[in-house]
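What follows is a short report on a single structure.
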Amino acid sequence: MTQDEMKQAVARAALDYIKAGLKPESIVGVGTGSTANFFIDELAGIKHLFEAAVASSEATAERLRGHGIPVYDLNAVAGLDTYVDGADEFDAGLNLVKGGGGALTREKIVAAAAKEFVCIVDESKQVPCLGAFPLPVEVIPMARSLVARELVRMGGQPELREGFVTDNGNLILDVYNLKIRDPKAFETELNNLVGVVTNGLFARRGADVVLMGTQAGVESLK
Ligand code: 5RP
């Protein structure tokens, strides 16, 4: 199986996972990235079973609308039963690194609004210790250098994501050279840096379930 075939398989598994719980008034939270895109394409086939979606990025909103799925503003809904999204890395505690696609802030907001976060990945995303994938940090543009110096002090090697502006009008620093041994504490420490909007660690609100596509099929990890 190719990586895309594993992503496709896991997207189908996520659809099966959420389908039974859908009601006509359900609003589904939808993530961003290539795995999430496979999920959106699957979701289109059952759009008659739920009311609408909330999107974690402009790109996702556009793809959902392209399939005729209504997209609601998060402020218009009381909460979400489910959020389905990919990840760049995950560990045994179902802590995640996200934001490879730069949508981390809206992803974290939609995940926070959902009762259940279903993370969909292929097996290449499983790691013993988070940090091999450069950790994305969204920063207010005027704080870019200030935050970068703090990240160096914390042992990281930040690099500005060149030519990239987030959906919120901010910049991304990708932080290399990290070994994140205590993801919850590190997430909090980064959140406390003035000028940081969000960091890509999803540990305080990690995944509730990870569906992982492997060569042997889809594994469910809780
Ligand atoms: C986007 C994300 C994505 O979930 C993450 O980058 C994984 O993407 P892909 O499914 O394309 O591997 O966090 O901000």
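Worth a mention:
- Under the criterion of Cα pairs below 8 Å and six or more residues apart, the relative contact order for the stretch 135-200 equals 48 percent.
- Using a probe of 1.4 angstrom and keeping all protein chains present, the accessible surface of the chain works out to 45 square angstrom per residue.
- Relative contact order, percent, the stretch 1-138 [alpha-carbon distance under 8 Å, six or more residues apart]: 27 percent
- Ordering of 165-176, 27-38, 73-84 by packing is 27-38, 165-176, 73-84, highest average first (other Cβ atoms within 10 Å, averaged per residue).
- Other residues within the sphere of radius under 13 Å centred on the Cβ of THR198, judged by their own Cβ, net out at +1 (K and R +1, D and E -1).
- Apolar share of the accessible surface for the stretch 93-148: 62 percent from carbon plus sulfur atoms, 1.4 Å probe.
- Cross-link partners of LYS98 among lysines, defined as those whose alpha carbon lies under 17 angstrom from its own and excluding same-chain residues fewer than eight positions apart: LYS7, LYS108, LYS125, LYS179, LYS184.
- Percent of beta bridges antiparallel (DSSP, the chain, rounded to nearest 5): 55 percent
The values are calculated or read from the model by the stated rules, or taken from the named source; none is laboratory data. Remember, it's a predicted structure, so these values are computed and weren't measured experimentally. For neighbour counting, all protein chains shown are included, and Cβ atoms are generated from backbone atoms with ideal geometry for every residue, glycine included. These accessible areas exclude ligands, DNA and RNA; they are computed on the full protein's heavy atoms, side chains included. Shrake-Rupley method; radii C 1.70, N 1.55, O 1.52, S 1.80 Å.
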